Amino acid sequence: MKICIFGAGAIGGFMGARLARTGADVSLVARGPNLEAIRTNGLTLLEEGAEPETARLRASDDPSDLGPQDYVIVTLKAHSVPGVVDRMQPLLGPETTVVWGVNGLPWWYFHQVGGAYEGTRLATVDPGDVQWDGIGPERILGCVVYPAAEMPKPGVVRHVEGNRFSLGEPDGSKSDRAQALSKLMGEAGLRAPVRPRIREEIWIKLWGNLSFNPISALTHATLDVLCTDPGCRPLVREMMVEAQAIGEALGVRFPIEVDRRIDAGAEVGAHRTSMLQDLELGRPMEIDALVASVQELGRLVDLPTPMIDTILALVQLRARSAGLY
């Protein structure tokens, strides 16, 4: 089985190092110092209680070096993907599956969803339909990423916690391609259940990212503070309530209450969200896939989003002021 990880950052590197244990033909698309380190020294995985493990994997910044794959696992930030769709083409053969391990509302959300919104395209996450036309929704296997990992230096990944990557076909079927990847990931020590309602898991993760991320970027507060501060918690809650109404209008079931979801965020502790980290490090911020996309869905189902609108406008201005949006 040929598997290419497109985006060998912390999560992509973690997946690549683990999948290499299975004997599959695993390759990486990386760039810059990270690529040079992997080529020179291999990809080193650090896990608590274990000796450092170094995998020697093919790595390139030119996908044409790697050729057509059985699976391409995309682990980039959502806003980075449209700009690399053309570069991705050499990896895509007639039967290639693209595994969407990207945070936020995916561009393929309405593919095989059925009903009145079937085939609807989302301008906030796929402007100009670049991904819809260049990758093709029929290739997509959904993937909700739960582990936490970090990259302390190029070529080195530290696994912090978690090993679950939920997989799901857009049509809810337990396809051969989903079950084959699930089995392989299990052999790599990763939990990869095939879910019949992958969009619900997308929403539960998005629920937190939608609210925690932009408010943390505006306040520089960690999760424990955001979720308990008497001024911020109501803002977080109102954004979640608005998002839940949109999700339910689209047929999504939310298995936990809003306040329990916020309490779960508080239990994570003094964690800096990815959007806050990007702001502090001067990296482009994931505003469209995490926040603007939910606003777009609100317009689609004709539901008001006053708190989402307010926080979105503020965080967009904050990001533009920093040159990161």
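All of the numbers you see were taken from the coordinates with simple rules; none came from a lab. A quick note: this is a predicted structure, and the numbers were derived from the prediction, not measured. Here Cβ is always computed from backbone atoms with ideal geometry, including for glycine, and neighbour counts include all displayed protein chains.
Among 109-116, 275-282, what's the highest-first ranking by average C-beta atoms within 10 angstrom per residue?
Numbers: 109-116: 15.5, 275-282: 17.4.
Sorting 109-116, 275-282 by mean packing, highest first, produces 275-282, 109-116.
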What nm value, rounded to one decimal, do you get for the distance between D25 and V160 when each label is placed 7 Å out toward the C-beta?
-> 3.5
Degrees, to the nearest 10: 258-268 long Cα axis against longest axis of the chain | 50
For labels at T228 and M1 in the simple 7 Å Cα→Cβ model, what's the distance in nm?
-> 4.3
For L314 and L250 in one chain, what is 0.36 nm times their gap in residues minus the Cα-Cα distance, to one decimal in nm?
-> 20.3 nm
Which residues in segment 136-167 place their backbone N less than 15 Å from a point set 7 Å from the Cα of T40 along the Cα-to-Cβ direction?
-> 153-156
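Could you sort out which of K77/K153; K77/K183; K174/K205 sit more than 24 Å apart by Cα distance in this structure? Show your work: numbers first, answer last.
Details: K77/K153 19 Å; K77/K183 26 Å; K174/K205 22 Å.
In this structure, K77/K183 lie more than 24 Å apart at Cα.
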For helix 306-321, what angle does its Cα long axis make with the longest principal axis of the chain, in degrees from 0 to 90 and rounded to 10?
-> 60
Set the Förster distance to 22 Å, then compute FRET efficiency between R272 and R87 from the Cβ-Cβ distance, nearest 0.05.
-> 0.10
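Nearest 5 is fine: what % of DSSP beta bridges in the chain come out antiparallel, could you say?
On the way: 11 of 36 bridges.
That works out to approximately 30 percent antiparallel.
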What number comes out for the charge environment of A292, summing +1 per Lys or Arg and -1 per Asp or Glu over other residues with Cβ under 15 Å away?
-> -1
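For the pair E118 and R283, what calculated FRET efficiency results from E = 1/(1 + (r/R0)^6), where r is the Cβ-Cβ distance and R0 = 45 Å, to the nearest 0.05? Present the calculation step by step, with values, prior to reporting the outcome.
Numbers: r = 35 Å, r/R0 = 0.78.
Between R283 and E118 the formula returns 0.80.
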Degrees between helix 10-20 axis and first principal axis of the chain (Cα, 0 to 90, nearest 10) = 40
So the FRET efficiency between Q179 and S80, C-beta based with R0 = 30 Å and rounded to 0.05, is 0.55
